[in-house]
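Here's the structure, in structure tokens; my notes come after.
The values are calculated or read from the model by the stated rules, or taken from the named source; none is laboratory data. Fair warning: this is a prediction, and the values are worked out from it, not measured in the lab. Counting neighbours? That spans all protein chains shown, and the Cβs are built from the backbone with ideal geometry, glycine included.
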């Protein structure tokens, strides 16, 4: 079993560099960080977790800036978006950001993606929430073309460009793994465009049947990483029984001292299962 961390890096919590060092020192294999470009003041989209939207959503650092800083002080830690909001991202710029991070980290990037839930946020980026699924799929296909073709070209409903040169290419071949976040509605995207499913906080008793349905649809053994898992040994045992590839413990956004204490606790939870 692999163990990583899922968190929000903000201007109020631990800085990226000490966080990255601490994770590698404690043998966590990966860091998945959240993204929100901004939060509209007039927001009608309900928070999926219920209640008021936590302050961390308003204050996230740019994921590629934060992960680049972490890449410079780590050697083994996998650097992941968890998740990058594709309806809000230009595909040409995003392809270059991911590839650049893969180059400077010597091939340690995981591209975690999703369609997002905050409709007002995506509208500010010019995306129509009603078509964000199709938009995401097209942009992912365009990004893969930019990563893998010397002269990349794409013509679709939402993305359209004639042949272009786009460098650097990623270190990983054919490209960094794409982890698709979302529920069962995302399963076709996992099958067609993804390398793994990033399941969001699904407890073990509910996850097993979902994995079976996904693998039946895909016709292959799709790897599963579970996002934002509590540091509970009994739940860890349940996930191990399902054969998931990786668990991402949820790390609250806190100052450095409190963060290191929590990482020590989570490392102790993981130690017997490594």
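Quick one: residue 35 ticks every box in (1) more than 30 Å from residue 162 (Cα to Cα); (2) in a loop (DSSP other than H, G, I, E, B); (3) touching a residue at least 24 places away in the same chain (Cβ under 8 Å) bar one, so which box is it? In the conditions (1) more than 30 Å from residue 162 (Cα to Cα); (2) in a loop (DSSP other than H, G, I, E, B); (3) touching a residue at least 24 places away in the same chain (Cβ under 8 Å), residue 35 misses (1) alone. Restricting the range 144-155 to residues that are over 19 Å from the mean Cα position of the chain (by Cα) and buried (at least 17 other Cβ atoms within 10 Å of the Cβ), the residue that is farthest from residue 87 (Cα to Cα) is 152. If you go through the range 187-229 and keep only what is part of a strand (DSSP E or B), touching a helix residue (DSSP H, G or I) at 6+ places or on another chain (Cβ under 8 Å) and either surrounded by 21 or more Cβ atoms within 10 Å (Cβ to Cβ) or touching a residue at least 60 places away in the same chain (Cβ under 8 Å) (or both), you end up with 197, 199, 224, 226, 229.
So that you can scan it fast, the table gives a plain yes or no per residue for (1) outside any strand (DSSP E or B); (2) out of contact with any strand residue (DSSP E or B) (no Cβ under 7 Å at 6 or more places or on another chain); (3) crowded, with 16+ Cβ neighbours inside 10 Å; (4) on the phi > 0 side of the Ramachandran plot:
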{"site": "102", "(1), (2), (3), (4)": "yes, no, yes, no"}
{"site": "106", "(1), (2), (3), (4)": "yes, yes, no, yes"}
{"site": "112", "(1), (2), (3), (4)": "no, no, yes, no"}
{"site": "126", "(1), (2), (3), (4)": "yes, yes, no, yes"}
{"site": "130", "(1), (2), (3), (4)": "yes, yes, no, no"}
{"site": "134", "(1), (2), (3), (4)": "yes, yes, no, no"}
{"site": "137", "(1), (2), (3), (4)": "yes, yes, yes, no"}
{"site": "142", "(1), (2), (3), (4)": "yes, no, yes, no"}
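Beta carbons closer than 6 Å, at least 6 apart along the sequence or on distinct chains, pair a first residue in the range 6-26 that is within 15 Å of residue 261 (Cα to Cα) with a second that is in a helix (DSSP H, G or I) for 14/256; 14/259; 18/256; 20/70; 22/260; 22/263; 26/263; 26/267. Would you please name the residue that is nearest to residue 133 (Cα to Cα), looking only at residues in the range 171-186 that are touching a strand residue (DSSP E or B) at 6+ places or on another chain (Cβ under 9 Å) and either at pLDDT below 95 or in a loop (DSSP other than H, G, I, E, B) (or both)? Filtering the range 171-186 for residues that are touching a strand residue (DSSP E or B) at 6+ places or on another chain (Cβ under 9 Å) and either at pLDDT below 95 or in a loop (DSSP other than H, G, I, E, B) (or both), the one nearest to residue 133 (Cα to Cα) comes out as 182.
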